[in-house]
Structure formats: C-alpha cells, structure tokens
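Heads up, the thing below is written out as structure tokens.
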Amino acid sequence: MGTGTGDTFQEGQLEIATTDLSAGGSTQILATIVDADNGNAQIVSEEYLVTFSSVCESSGLATFSRDEVSTTGGTATVTYTATGCSGTDTITFNLYDPDDTSTVLSIATGTLEVAPAEIGAISYVSADSSAISISTISNPVLPQLASLVFRVVDRSNNPVANKSVSFSLTNTKGGLSLALDESVTNEDGEVTAVVKSGSAHTVTSVIATTLATDGVTPITTSSQPVSVTTGIADQDSFEIVASVLNPGAYNVSGVAVNVTAFVGDQFQNPVADGTIVNFTAESGLIDSFCTTAGGSCSVIWTSSGYRPGQEDDPDYDALDRVNDQNVVAGTSAFGITTILGYTEGEAGFTDSNNNGQYDVGEVFESFPEAIRDDDILNDDAIDLDTNSNGPVEFFADYNSNDQRDAAPSVYQGTLCSDAAKDAGHCAQLMDVRDTAVISQSAANSIAYELYTRSGDNFTVFDGDLDLNDNNIADDSGSFYLFITDENGAIAESGTTVASGGDGYDVSSDTGEVGNSIGELPASYTGLYSSFGSLYQVSFAPDGTPKSVSLTIESGSGEYTLTITLVPSV
Ligand SMILES: [Ca+2]
Ligand SMILES: [Ca+2]
Ligand SMILES: [Ca+2]
Ligand SMILES: [Ca+2]
C-alpha cells in the first residue's frame, strides 16, 4: 500500500491532498493498493480492508469521515478533519485481508501540519456552587470554596488546549480571594478558577481572560455571580405555606395538600441546597422532612385518622388533645389543623453598624423552643398546653433536655463579633419555625343561614322579599348568605355560589369560597359560627317580581343546594 502505481509507486506513503491545514481544516487522504509481483499494478480484483488512525484522532482532536473502508478497487480514501489538533499529526492506514484482521498486510503513513488555533472565544461553563459560606462560620451544607469552569475555543468552536487563562474577581470584600490567578486549559479547552470565601456577605463574579492568537488582544468573559452568605436559615425569611387551606378532608381520608417551606438566610439569600426542613401536623400524615433546593422544598400532608374536633370522642378522649374553639358556636373548631415546619437557623438581628456581625448592643430577636400550637387560634396566654404529665402538644426540643426552654437573653446565631461572643452571644442556634393552619372541611356538605346586617351585627333574615310586609312585591334590598360545612367550618375549597332572579335584578359577590380557613372577625355577632363565608346579595324588581334563587355547589361536586326566596304576598 502506498502512493501511485507502477514506476511511480511509493510504498508506505500516503497521498495527502493538503498537508498544511488551517485549525479545524479538512483534507482528503488516499492510498493505492498494488501488486508488487506484477509491476506495482493496482489490484482491482481482490477485497481488502483499510483502517484509519492518527495521533490527534486518538486524542479526540481530529476525526475521519469513516473508521475503515472495504475496497475491491485498489484505492482507499478518507476525509480527515482537525477538531482541536495543532501542529504535526501522523496519519496511518492499515491494510488487512477482510477475513483475517489479526495480521496487518501493509502500513502507509503520512504527516500533515495543522496551524495553531485562532482563539475564538472564552466562555463560562459552570460552577459547582452558586453560593459559598462566609469563612468565619461553619455551615454543614454550604462549601467555603466554589470552582468555576471556563472553556476556550477556536474559531471553529473546537476546544483549545494548553492555553493560559488569567482570573480576577469583581469584588474582594471580606478577603474574598482566588486560589490561583492563572491556569492553563486542559484537552477539553477547560480551565477552573477556585473562589475562596471571605468573612463578609457579598457577591462576586470571576473574570476570565485569555489572549487572542496575536498574543496581545485580551478576550474576556465573566462567570455567573457567586454569593458569599451564611446559607443558614433565619427566622424572618422562613415561611410555611399550604396550597389549599380548606380541603374537603374532614370526612374523606387521603386528601392531599402541598406544604411548602421557603427558607432564606440573614441576607434573604436562599439557604444552602440540601437544608433539611422538618414537619409535624396536628392531624393526618405529613412527610417528616424535605431538603431545600433554591431556598424551598415541599412535603405532602394527607388527611387521615383523628380530626381536630374529635378530641372528646371516646376513641381519642384519653389522648388529652387540645384544639381551637369555635367561639360563636360554643364548640370545638372542627377540622382546624396546625402544621409546624422548622429548621435550625438564626434568630435575626439588626446590623446597626452594617459590619455583617452582631455587635453587643444591637437589637436582636430571641425565641423559645418551637411548638406545634394545636389551639393556635385560641387567645390563651399559655402556648404549650400541658396535663399533669407535661406537654400535650409537640415541641422541638432543640437542646434535648426534655423541657421546653424559654427565649434566652443572648443572640441565637452565627455572625457575632469577638466581643459579642465573649458576652455569650452566638453560643447556639435555634429552630426557626412557622405554622400553617388549614381547615379540614367536610366534603359535599353545606349548611347556610340568611342574615341582614347592621355594622358587625347580623340578624337572621326570614327570606321574605316583601321586606315591609305590605303585601306588595315591589321591594328592593339586600341580605347576606352565610355558608359553612355541616360542622360550622368554612365550606370546602371549590365550593361556589351563584345567584339569579325571576322578575328581580340580582347582584351579589358570588363565586368560590376563599382559599382560607374562614375565620371571621371576633367583632361579628349573630352568626352561628366563627368560621364560614359571607355573600352579600342585592335584589331589585325588574319586571314582575317572583323569586331570587341562590345555588351552592360543593367543591367536590356531589352536592348542590338551591335556595329560592319569594315575596310572601
Ligand atoms: Ca387545632
Ligand atoms: Ca453589627
Ligand atoms: Ca397550645
Ligand atoms: Ca429543651
């Protein structure tokens, strides 16, 4: 195998169309297969297998249009493309009998030169962490180093290896620094900058610079920002939110509600991904924890078992459950369910001198150990209800001493000046906490009453549209429709009210009941429950007054109630 045939045959030589390639350039390479016993005449009757390889190709810096070719025509051609190869590359063709690829019959080689890559661009690829922990605290989740990867490519978008790249930071507040100011790209054209955390909360970006092929012109890019933060939750950015506040769950088990925790740190930055938030619920099932990503995570609460309001039922009476009161009805508040979410974090302080640390004399918050207050709506002075054995509500025993500890007089956090630490501050963290309260309302269950209203005082309305009792149906006026479920809780989510009139023009604030537990102002008097939904209905004659109708459809869709009001004339 070689170049040419007959007298011009050169054994072992490849014919390369272009031996000086630009970076990323292509060329055809040809070999002929001849019979040395027949005056180096081209062999056109027998089948041979030819394989292709090169030094750059084996490093992924060049490609062939095909790996091998089977030929009976006495020639083998392939197209070579440089994809990052630079300098001399040696190409090799191996010739085989297709029935015996263990023995190389002949080898032909050739060399070509690939021009150095024209540096095309430097780009930001990724960071292993978009946030790093302030260097003076220990956060179990957030790293104190961030690695940022950049890539240098040529004008053909192929990676450029062995290219020097220098780094700088847009911000060095608090001693923020780079592990290395300069590095060299690997075979993928990639180079890594390492940012080392400082002692202050700040945001920085890495500027990566390399030089164009002329060795003079800088080519620059910037990374996405890296935040230097505590990454530890603080109380005033912690929130627990339920997706539905009045699920039709009191009489249906397995109804699911999404419960999401939003968790930020002292600087309102998302806490470190992987922060664990714990949950507990007064009733039903709830996942015990979730781990945050981007400052939030969710769990599922599912209705099951004991429902608030059943605390005096024989099945549960011995458990000493406590629950909120339906003050107006004089009963337990059926279905009102407390969900507690909590995670380790900081109490929060006001950084009056803006040095990023708690200093002695600055105002701070202080919290007792977190509780799940099952009667949270009751206006009682005691949060944690007890019986003779101790608490009957859950509390998160942060320091594991079997007691619920009161709020300390020192700051519960991580960012303290040395003087503040000496004074006993920042000795411990705490559980930041929030509570969501949902109403497990009865599905397909509607109770109602009509009222007239004067200020906050409601009076039962008999529904007679002949308001002045003069036996002439010509009155116009308004009344209130008050709806609840059968337990005096707000009607289940999705319950709708519609109104219409025959001979009356009716306007009302109809629509869905709110996504709410429906707690009404304590100043309201005359209603039959402390929870529920009020709809004002106005009517005026429009033609021959006959009736006003109100249609209530339950959120679960299996119960519809129609109320028809007429003038009794
Ligand atoms: Ca409760
Ligand atoms: Ca301060
Ligand atoms: Ca309580
Ligand atoms: Ca304790």
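The values are calculated or read from the model by the stated rules, or taken from the named source; none is laboratory data. Just so it is clear, the structure is predicted and the values come from calculations on it, not from any experiment. Here the Cβ positions follow ideal geometry from the backbone for every residue, glycine too, while neighbour counts run over all protein chains shown. Please note that ligands, DNA and RNA were not included when accessible areas were found on the heavy atoms of the full protein model with its side chains. Shrake-Rupley method; radii C 1.70, N 1.55, O 1.52, S 1.80 Å.
Across the stretch 233-440, the relative contact order, built from alpha-carbon pairs under 8 Å that are at least six residues apart, equals 24 percent.
Could you tell me the convex hull volume per residue, in Å³, taken over the Cα atoms of the stretch 233-440? Write down the numbers at each step before the final one.
On the way: hull volume 28.3 nm³, N = 208.
Given the Cα convex hull of the stretch 233-440, per-residue volume reads 136 Å³.
For Y528, the solvent-accessible surface with a 1.4 Å probe is about 70 Å², rounded to the nearest 10.
Over the stretch 491-545, the ratio between the Cα radius of gyration and 2.2 N^0.38 Å evaluates to 1.40. Computed from the C-beta positions of E239 and I219, the FRET efficiency with R₀ = 56 Å rounds to 0.80. May I ask for the distance between the Cα centers of the stretch 37-67 and the stretch 457-496, given as a whole number of Å? Cα centroid of the stretch 37-67 versus Cα centroid of the stretch 457-496: 93 Å apart. For a modelled paramagnetic label at A121, 7 Å from Cα along Cα-to-Cβ, the residues of the stretch 151-183 in reach, with backbone nitrogen under 13 Å, are 151-159. Considering only alpha-carbon pairs that sit under 8 angstrom and 6 or more positions apart, the relative contact order computed for the chain is 9 percent. Under 17 Å of direct C-alpha separation, and excluding same-chain neighbours fewer than eight residues apart, K196 reaches these aspartates and glutamates: D128, D181, E182.
On average, how much area does the Cα convex hull of the chain cover when viewed from any direction, in nm²?
Numbers: hull surface 184.0 nm².
Mean shadow area of the hull around the Cα atoms is 46.0 nm².
The stretch 297-321 and the stretch 114-143 have Cα centres lying 50 Å from one another. Largest to smallest in accessible area, the residues S388, S538 fall in the order S388, S538 (1.4 Å probe, all protein chains included). Per-residue ellipticity at 222 nm, computed for the chain from helices alone with -39500 (n - 2.57) per DSSP H run of at least four residues, works out to -500 deg cm²/dmol. Taking a point 7 Å out from the Cα of N38 in the direction of its Cβ, none of the residues of the stretch 89-104 has a backbone N less than 13 Å from it. Once the Cβ-Cβ distance between D20 and I207 is put in as r, and R0 is 45 Å, what FRET efficiency do you end up with, to the nearest 0.05? After rounding, the FRET efficiency stands at 0.80. A 1.4 Å probe, protein heavy atoms only, puts the accessible area of D67 near 120 Å².
Sort R307, R433 from largest to smallest accessible area, using a 1.4 Å probe on the heavy atoms of the protein chains. Provide the component values of the computation, followed by the final result.
Details: R307 10, R433 35 Å².
Descending accessible area places them as R433, R307.
Once both labels are modelled 7 Å past Cα along the beta-carbon direction, what's the A293-T560 spacing in nm? The two pseudo-label positions are separated by 4.3 nm.
Stretch D97-A179 to full length: gain in nm at 0.36 nm per residue minus the Cα-Cα span? Write out the running numbers ahead of the final one.
Numbers: separation 82, 0.36 × 82 = 29.52 nm, distance 5.63 nm.
Result: 23.9 nm gained on full extension.
In vacuum, with every alpha carbon of the stretch 1-90 counted as one equal point scatterer, what does the Debye formula give for log10 I(q)/I(0) at q = 0.14, 0.19 Å⁻¹? Two decimals, please. So the normalised log intensities work out to -0.52, -0.85. Charged side chains reduced to their Cβ positions (Lys and Arg at +1, Asp and Glu at -1) give the stretch 447-565 a dipole of some 160 debye around its Cα centre. Simple spin-label estimate for K421 and E512 gives 5.2 nm between the two label positions (7 Å along the Cα-to-Cβ direction from each Cα). Give the residues of the stretch 117-142 whose amide nitrogen is closer than 20 Å to a point set 7 Å from the Cα of D351 in the direction of its Cβ. Answer for the stretch 117-142: 130-142. Taking other residues whose beta carbon is less than 13 angstrom from the beta carbon of T213, and scoring Lys, Arg as +1 and Asp, Glu as -1, yields -1. Using the 1.4 Å probe convention, the accessible area of the chain works out to 45 Å² per residue with neighbouring protein chains retained. DSSP beta bridges fully contained in the chain are about 95 percent antiparallel.
Coupling constants for the stretch 256-261 follow from the phi torsions by the Karplus curve (6.51 cos²θ - 1.76 cosθ + 1.60, θ = phi - 60°), and in residue order they are 9, 10, 7, 10, 10, 9 Hz; glycine and proline get x.
So how much slack lies between S366 and E11, counting 0.36 nm per residue of separation and subtracting their Cα-Cα distance, in nm? Working shown, then result.
Details: separation 355, 0.36 × 355 = 127.80 nm, distance 8.87 nm.
Value of the extension gain: 118.9 nm.
Per q in 0.12, 0.22 1/Å, what log10 I(q)/I(0) does a Debye calculation on the alpha-carbon atoms of the stretch 119-229 return? The Debye formula, applied to the Cα set alone, gives -0.41, -1.06.
Determine, for each peptide in 464-472, 291-299, the mean count of other beta carbons within 10 angstrom over its residues, then list the peptides with the highest first.
Working: 464-472: 13.3, 291-299: 16.8.
Order by mean packing, descending: 291-299, 464-472.
The residues neighbouring Y124, those whose beta-carbon lies less than 14 Å from its own, together hold a net charge of -1 under the Lys/Arg +1, Asp/Glu -1 convention.
Once Rh is set to the Kirkwood radius over Cα pairs, what Stokes-Einstein translational diffusion coefficient, in µm²/s, holds for the stretch 331-419 at a temperature of 10 °C and a viscosity of 1.306 mPa s? Display every interim value, and only then the final one.
Values: Rh = 15.5 Å.
D = 102 µm²/s.
Taking only protein heavy atoms and a 1.4 Å probe, the accessible area of the chain is 45% carbon and sulfur.
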